[in-house]
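The values are calculated or read from the model by the stated rules, or taken from the named source; none is laboratory data. Computed from a predicted model, the values in this text were never measured in an experiment. Here the Cβ positions follow ideal geometry from the backbone for every residue, glycine too, while neighbour counts run over all protein chains shown. We work out accessible area using only protein heavy atoms, side chains counted, and drop any ligands, DNA or RNA first. Shrake-Rupley method; radii C 1.70, N 1.55, O 1.52, S 1.80 Å.
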Amino acid sequence: MKKTLLSLAVCASLAFGMGDKTVNEITQADVDIQNKLSDASTQDITPKSVEDFFDEFKDEFEIEYGITKDGKTFYTGVSDVTLSPTDKSFAKSLQNAYNKALLNLQGEFVKDAFGRIATSSINKYKADQSDNAREFEELPKGGTISQIFDQLTQLAGATLDKALNDLGVETKGLEERRKKELLKDEFTKNIVTKAFGNMSGLLPVKTVVTQTKRGNYRIGVIAVMSDKTRQIAKDMKDRTPSLIKAKGGKPVVEYLPKEKAGFMQEYGIRLVYDENGAPIILSYGNWGYIPDANSKIADRQESIAKDTAAAQADAAIIEFINTSVSFSDERETGEAINQNIKETKNILSGDTQIQEEALENMIDRVSKTIQTKASGQIRGIRTLKRWDYTDENGVEYVGVVRYYSYANYLNTTNVISDRKSSNATSNSATPAKATQKSSKVVNTIDDF
């Protein structure tokens, strides 16, 4: 990957009704715009930096201070890719970088929504301007150590060196050091931000993989949250037909890239509408592997890598439904000036050297922790596409596209209900209530 990979995803804000429309009204024009943005098969790949990418998106959709005119809120996240494009694990590094960028984005959301901040400032000043400030007091005489030194001084030159060497003591540089502080002026400011909250309906709408001016790779992500996205997430959590409907769309498979290389620029989830107007959550999971020389082992490694990609894709869908986020950011800034003198005394010769030094330091320490947890049922998620690709650097990429729809959920639930019903007929020991309870959540396909 030697050129920028730009991935346009669904812009949920444009897919939703505007103005006085109710939560489930979507015009055909809105659907057309959303589907165009979500269609990975028609995207133009244009080199640009992450900052350019964010600026263009903001200008295109008239976003000011992260919010559109109709109240939809956008968040951004950035992360650097650890490895270089020639590293055989570069595909894994890209997926990890996307996950980190999304985590940073989630942290920004929970900080804005639930954050609490505490600050403290401290100024310390100490000065010694005494007449003897630059003098060291004599060490106390007497005691065991002093007696030992007195005995040592009775030895001379090579005899002393040999005696010490016999004891395992290196005589070169044998000296005593003392330090005295004359001035200390230190100012520090501590800022602690903590937040915890739940979020649902955070929808990534664009992802860019690009190079910095130093040749390193970086990933940027933009996501949106609105009444519409929260409603879709709620419907998925409640396992009910979505209240969000559209009059247009196309088969889900037609939103995928036409060529294998196109999948390498798609990360995370996308919102699209199928030919029935129902919302569909697409999820792109990517991973990689280093093939073994043994072809059978290499095939197995590829299969395992695709399973890992599928797990990444499923996790992204579950996080869309409901995620708890904890955020902690601790920063210490300031400056410090220290003036001191040092005394160095050669124990053997008795020579003393005084040295004065002044240090000026800027204080800039950061400790940041973001943690997310999500759990949910994956019924209704199915595999749409599995792919593999080898780039010009010999890096092996694999990926899986998973997708959720209420039709999938309904179909799987019907299969389970049919099995339970069959078992109840053949086995009188099976309680009838269990079958009836399961059947209550089953709806017909006409609900779409």
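Summary table
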quantity	calculated
Filtered residue count, the stretch 215-231, keeping only those that are open to solvent by 40 Å² or more (accessible area, probe 1.4 Å), modelled with pLDDT of 90 or more and either more than 24 Å from Asp329 (Cα to Cα) or of a type in the set (Val, Ile, Thr) (or both)	1
Selected residue (only one of Asp351, Asp307 is closer than 17 Å to Val400 by Cα and of a type in the set (D, E, K, R))	Asp307
Filter result for Thr212 (of a type in the set (Ser, Thr, Tyr), over 18 Å from Leu102 (Cα atoms), at pLDDT 90 or above and open to solvent by 10 Å² or more (accessible area, probe 1.4 Å))	no
Some residue of the stretch 94-111 being among the aromatic types (Phe, Trp, Tyr), modelled with pLDDT under 90, in a helix (DSSP H, G or I) and open to solvent by 30 Å² or more (accessible area, probe 1.4 Å)	no
The stretch 214-259, residues that are among the hydrophobic types (A, V, I, L, M, F, W, C), over 30 Å from Ser84 (Cβ atoms) and touching a strand residue (DSSP E or B) at 6+ places or on another chain (Cβ under 6 Å)	Val224, Met225, Ile232, Ile244, Ala246, Val252
Filter result (among the basic types (Lys, Arg), under 15 Å from Tyr403 (Cα atoms) and in a loop (DSSP other than H, G, I, E, B)) within the stretch 240-275	Lys250
Residue pairs meeting the criteria (Cβ under 6 Å; at least 6 apart or on separate chains; first closer than 15 Å to Gly201 by Cβ, in the stretch 233-253; second in a helix (DSSP H, G or I) and of a type in the set (Phe, Trp, Tyr))	Ala233/Phe320
Any hit, the stretch 292-302, residues being crowded, with 24+ Cβ neighbours inside 10 Å and not small (Gly, Ala, Ser)	no
Residue under evaluation Pro47, criteria (1) at pLDDT below 85; (2) open to solvent by less than 80 Å² (accessible area, probe 1.4 Å); (3) more than 19 Å from Met225 (Cα to Cα), criterion not met	(2)
Count - residues of the stretch 276-291 that are open to solvent by 10 Å² or more (accessible area, probe 1.4 Å) and at pLDDT 90 or above	5
